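The values are calculated or read from the model by the stated rules, or taken from the named source; none is laboratory data. Worth saying up front: this structure is predicted, and the values here are computed from it rather than measured. Reconstructed Cβ throughout: ideal geometry from the backbone, glycine too, with neighbour counts over all protein chains shown. Side chains included, ligands, DNA and RNA excluded: accessible areas come from the protein's heavy atoms. Shrake-Rupley method; radii C 1.70, N 1.55, O 1.52, S 1.80 Å.
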Amino acid sequence: MNAQNTHSFSFEFFPPKTAEGQEKLRQTRQQLAPLNPEFFSVTFGAGGTTRDHTLETVLEIRKEGFHAAPHLSCIGSTRESIAAILQEYRKHDIRHIVALRGDIPSGMGTTGEFRYANELVEFIRQETGQHFFIEVAAYPEYHPQARSAQDDLRNFKRKVDAGADAAITQYFYNADAYFRFVEDARALDVHVPIVPGIMPIYNFTQLSRFSDTCGAEIPRWLRMKMQSYGDDVDSIRAYGLDVVTELCERLLSQGAPGLHFYTLNQAGLITELWQRLGLSKR
Ligand SMILES: Cc1cc2nc3c(=O)[nH]c(=O)nc-3n(C[C@H](O)[C@H](O)[C@H](O)COP(=O)(O)OP(=O)(O)OC[C@H]3O[C@@H](n4cnc5c(N)ncnc54)[C@H](O)[C@@H]3O)c2cc1C
């Protein structure tokens, strides 16, 4: 399959907290750099727990000649603290941001001055005008706290109406959920690009646990098949790669504007996926 040049590809990292993690991420970046993504994005802990590490990682990526976008989550924050972060990002001429609500870390009592991501998007636009290209999150299988599918879609639209330029989705393994979500969003007059978030299957047990809490579903057929491999990590890896390759192929061939890969700071599976998708010739 030949993906066209018009597709946009991006890779997400989390900011390492230790010197060892930083070194490992540098190696991962070296391996991923030849794939020439549109941008790398760097997550941000709710309540600002990784704030400095996020900026540090973004600046390091930029020094290597790549475009990098920090995530920014608002839950637990004051308007003043978010304004200070925005100002710092502007000072470094950062122009691309992924704006999120975040989740309240256990033990942190207060939700702060922002309740939802649409309020953050609105605030960024108020404070900085059109300086930032703003991405927001979308949930093809709906956010776990959504009151209903329609309500979640309307809340997604609020973020776009507040000024978001594009969206990246939560990961999913059911391509139909994505295509239906996009169709429903278009019916609500939401026309920004909605880029699928792709989670390669690194560790199936961890993935299953995480998926229950984040609004992503592991289909029964996939769960059963993975369970049948028991401790056979090679088979789990190989099957996971087949499944995710087919998912990406279908998404790209049926109209997705690009792919955003959750790398978990690892390069191996992404590089292999890339080759299978024929993207090296891009
Ligand atoms: C691509 C991507 C990147 C992410 N990166 C990070 C990261 O770096 N750091 C981090 O901490 N988390 C990150 N997350 C996780 C994210 O913070 C959580 O999924 C969080 O629970 C929701 O964030 P949101 O921005 O989608 O919230 P929102 O869009 O605010 O939605 C949260 C919930 O509230 C509802 N809602 C939204 N607006 C309203 C409203 N105005 N009135 C009533 N209800 C409303 C929605 O339906 C939904 O159920 C990421 C998620 C994705 C998909």
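Each peptide in 76-88, 249-261, 190-202 was scored by the mean count of other Cβ atoms within 10 Å over its residues; highest first, the order is 190-202, 249-261, 76-88.
Got the relative contact order for the stretch 60-147 handy, in percent, Cα pairs under 8 Å and 6 or more residues apart?
34 percent
Counting protein heavy atoms only, the chain has 46 percent of its accessible area on carbon and sulfur, 1.4 angstrom probe. Rounded is the label for the chain. Its Cα gyration tensor axes, ordered a ≥ b ≥ c, give a/c under 1.5.
Taking all protein chains into account, the per residue accessible area for the chain stands at 48 Å² (1.4 Å probe). Rg/Rh for the stretch 65-180 (Cα atoms only, Rh after Kirkwood) is 0.98. Thr213 contributes an accessible area of around 100 Å² to the protein surface, as traced by a 1.4 Å probe with all chains present. Relative contact order for the chain: 22 percent, from Cα pairs under 8 Å spaced at least 6 residues apart, divided by residue count. Can you bin the stretch 112-255 into rounded, prolate or oblate? Criterion: square roots of the alpha carbon gyration tensor eigenvalues sorted a ≥ b ≥ c, rounded for a/c under 1.5, prolate for a/b above b/c, oblate for the rest. Prolate, because a/c is 1.5 or more and a/b exceeds b/c.
Computed on the stretch 116-188, with alpha-carbon pairs under 8 angstrom and 6+ residues apart, the relative contact order is 43 percent.
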